[in-house]
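Quick notes on the structure that follows.
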Amino acid sequence: MTPNESPYEGPGPYEGPGETPYQGPGEGPYVLEAHDVSVRFGGVRALTGVSLGIRPGEVCGLIGPNGAGKTTLFDVLSGIRRPDQGRLLLDGADITRRSPVWRARHGMRRTFQRQQLFGQLSVADNLLVAQEWRGGGGGLAADLVASPTRRRRERERRARGARVLADCGLAALGTAYAGGLPVGRARMVELARAVADPPRVLLLDEPASGMSAPEREQLAVVVRALAEREGCAVLLVEHNVAFVMEVCARVVVLDLGTVLAEGPAARVRADPLVREAYLGGA
């Protein structure tokens, strides 16, 4: 693969309102924005006035202790939970009331803390499932007669899935059942499935959990390539702070549902409040 080639080929995922052409890593306007987002659970404030934005080609980290509101914020961004206050924008268009399905079909992808693979399917078929929403072309009649359009699209999807598996170091596991994989490999399959249909925004919840050191290194390479070459905006939650500081150009720190610090990874690492609260002090 040459430096200018993308490991994720295939049709672009997003054709919604206000799409902004990719201008380079971390450049241009935000693709995904949260403005003054607040969420309550009864009398408990999970998020209070949280605002952030992610640009195309950027890998941004979200850190904080348990209970800081990281997963709640991911639920809001992905549409699983509506905020009690605030707005969400995708390419400048208000998506606050859009469903998770709408957001997924307009280029937003998410992985979860708990593994969500289709365990009884093969690794390759897990990636095919992620592409199936585009349809086969020609409807049921085309399926019944095995039309050329349907066969062509099937070949394209299988080829695209094979490329993604290779880029994620999973080429040898295509026929393996996903449910029998060790944790680190299963995590990588979840990432591969999330990007099988090329994303515009990728939300990764604890992607390095359970991975060995070599697997984390490979994960870092894949995430950077996806962001830099495809212009995908990546926001990841991760308790492994060293991994976040290595992979992310920018880091947001949540503390009790509010933004404690935000900025370049090196500056956040040096922030006295962050060092004391999350990085073990001096």
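The values are calculated or read from the model by the stated rules, or taken from the named source; none is laboratory data. Owing to the predicted nature of the structure, the values given are computational and were not obtained by experimental measurement. We place every Cβ from the backbone using ideal geometry, glycine too, and count neighbours over all the protein chains shown. We work out accessible area using only protein heavy atoms, side chains counted, and drop any ligands, DNA or RNA first. Shrake-Rupley method; radii C 1.70, N 1.55, O 1.52, S 1.80 Å.
Among the protein heavy atoms, those of VAL241 account for about 30 Å² of accessible surface (1.4 Å probe, every chain in place). Inter-label distance, ARG151 to ALA176: 3.3 nm, where each label sits 7 Å from its Cα along the C-beta direction.
I'd like the projected area of the stretch 175-220, averaged over all directions, using the convex hull of its alpha carbons. Report it in nm² with one decimal. Mind dumping the intermediate values first?
Working: hull surface 14.7 nm².
Its Cα hull, projected and averaged over all orientations, spans 3.7 nm².
Accessible-area rank, largest first, for HIS106, HIS35, HIS239: HIS239, HIS35, HIS106, with all protein chains present and a 1.4 angstrom probe. Largest accessible area first, the listed residues ASP91, ASP255 line up as ASP255, ASP91 when surface is computed with a 1.4 Å probe on the assembled protein chains.
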